[in-house]
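**Student:** Handing you a structure now.
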Amino acid sequence: MARSKHIGTLREQSLHAQIKQWLAQPGDLLEQAVDGYQIDILRGDLLIEVQTRNFSKLKRKLVNLLETHKVVLVHPIAQTKWIIRKTKRGRVLSKRKSPKTGRLEHLFDELIYIPQLASHPNLSMLVLLTQEEEIWRDDGKGSWTRKHWSIFDRRLVDVVGSFRLNNRKDFLDLIPASLPHPFSHKQLASAIKAPIWMSRRMSYCLRKMGYLESVGKQGRSLLLAPMNAADTITAA
């Protein structure tokens with residue numbers, strides 16, 4: 001077997017391994033080398049890649065694989081998360097439910113790093129809404145925002161929903177039909193009941209994918225509308 005350019009199961013978090021097991025079907029091959037890259041799941045000719053975060057690290061890998069392979073990119077988003085605090089030695093100190101709630105639109109937090117690839121005809125996406133546990137350890141090595149607690153691991157509790165995004169229509173269906181045409185970021189944010197930064201990130205990705213376009217301004221607000229399908233530029 002060819003040597004892989006991608007890290008394997010020995011260094012992955014529990015969440016990544018658990019998602020792979022949740023996805024696996026009879027006949028699937030796990031951790032296979034394809035064109036010099038380690039692939040999470042090989043299902044016939046289909047490559048299935050699980051990426052829990054940091055889509056930027058996938059860019060070169062996807063550029064090379066999408067030339068000749070169909071790829072499904074699977075991304076879990078924690079709809080519900082419990083934070084478990086442990087001592088440096090692993091003793092549980094507390095468990096609490098995070099006030100943050102994940103939603104499908106959080107996909108664009110990651111797509112912003114590979115928007116031109118997201119519309120490639122050989123790429124489709126599967127978003128899983130999950131319940132997760134996030135393990136924090138008091139080792140003094142973490143971010144100052146967590147008071148130097150490290151995120152030691154993430155664990156899957158359950159998969160509570162899934163969304164498949166295969167093409168232009170699937171992505172544009174995320175834009176509520178109730179919006180006027182054209183519409184502003186503020187109107188999009190209101191329609192999806194989200195902060196305006198989320199609507200801006202969403203529209204940025206969809207414009208880079210060739211699915212939305214800027215059609216002018218109303219005052220200082222950018223106006224957006226779906227791009228004509230005939231004019232859609234497929235990512236190379």
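**Student:** Any residue at all in segment 156-168 that's within 30 Å of K217 (Cβ to Cβ) and surrounded by 16 or more Cβ atoms within 10 Å (Cβ to Cβ)?
**Tutor:** Scanning segment 156-168 turns up at least one residue that is within 30 Å of K217 (Cβ to Cβ) and surrounded by 16 or more Cβ atoms within 10 Å (Cβ to Cβ).
**Student:** If you don't mind, another one. Would you call L73 buried (at least 17 other Cβ atoms within 10 Å of the Cβ) and among the aliphatic types (A, V, I, L, M)?
**Tutor:** The answer is yes for L73.
**Student:** Which residue pairs have Cβ atoms closer than 6 Å, lie 6 or more positions apart in sequence or on different chains, and pair a first residue in segment 196-221 that is more than 10 Å from F108 (Cβ to Cβ) with a second residue that is assigned to a strand (DSSP E or B) and among the small types (G, A, S)?
**Tutor:** Within 6 Å, the pairs are V215/A225; S221/S184.
**Student:** Would segment 89-96 turn up any residue that is within 30 Å of K193 (Cα to Cα), surrounded by fewer than 16 Cβ atoms within 10 Å (Cβ to Cβ) and out of contact with any helix residue (DSSP H, G or I) (no Cβ under 9 Å at 6 or more places or on another chain)?
**Tutor:** Checked against the condition, which is being within 30 Å of K193 (Cα to Cα), surrounded by fewer than 16 Cβ atoms within 10 Å (Cβ to Cβ) and out of contact with any helix residue (DSSP H, G or I) (no Cβ under 9 Å at 6 or more places or on another chain), segment 89-96 yields at least one hit.
**Student:** Go through (1) touching a strand residue (DSSP E or B) at 6+ places or on another chain (Cβ under 9 Å); (2) assigned by TED's automatic domain parsing to the domain that holds I48; (3) not in a strand (DSSP E or B) for T145 and report which single condition fails.
**Tutor:** With (1) touching a strand residue (DSSP E or B) at 6+ places or on another chain (Cβ under 9 Å); (2) assigned by TED's automatic domain parsing to the domain that holds I48; (3) not in a strand (DSSP E or B) applied to T145, the lone miss is (1).
**Student:** Next up: Only one residue in P176, P180 is touching a helix residue (DSSP H, G or I) at 6+ places or on another chain (Cβ under 6 Å) and either assigned to a loop (DSSP other than H, G, I, E, B) or free of Cβ contacts under 8 Å to residues at least 12 places away in the same chain (or both), so which one is that?
**Tutor:** P176
**Student:** Related question: With respect to T68, is the statement that it is part of a strand (DSSP E or B) and more than 13 Å from the chain's Cα centre (by Cα) true?
**Tutor:** Judged against the criteria, T68 is not a match.
**Student:** I'd like to check something: does segment 179-196 contain any residue that is in contact with a Ser or Thr (Cβ under 7 Å, 6 or more places away or on another chain), surrounded by fewer than 14 Cβ atoms within 10 Å (Cβ to Cβ), over 30 Å from A24 (Cβ atoms) and not charged (D, E, K, R)?
**Tutor:** The answer is no, given that none of the residues of segment 179-196 is in contact with a Ser or Thr (Cβ under 7 Å, 6 or more places away or on another chain), surrounded by fewer than 14 Cβ atoms within 10 Å (Cβ to Cβ), over 30 Å from A24 (Cβ atoms) and not charged (D, E, K, R).
The values are calculated or read from the model by the stated rules, or taken from the named source; none is laboratory data. Treat the numbers as computed from the prediction; the structure is a model and nothing was measured. For neighbour counting, all protein chains shown are included, and Cβ atoms are generated from backbone atoms with ideal geometry for every residue, glycine included.
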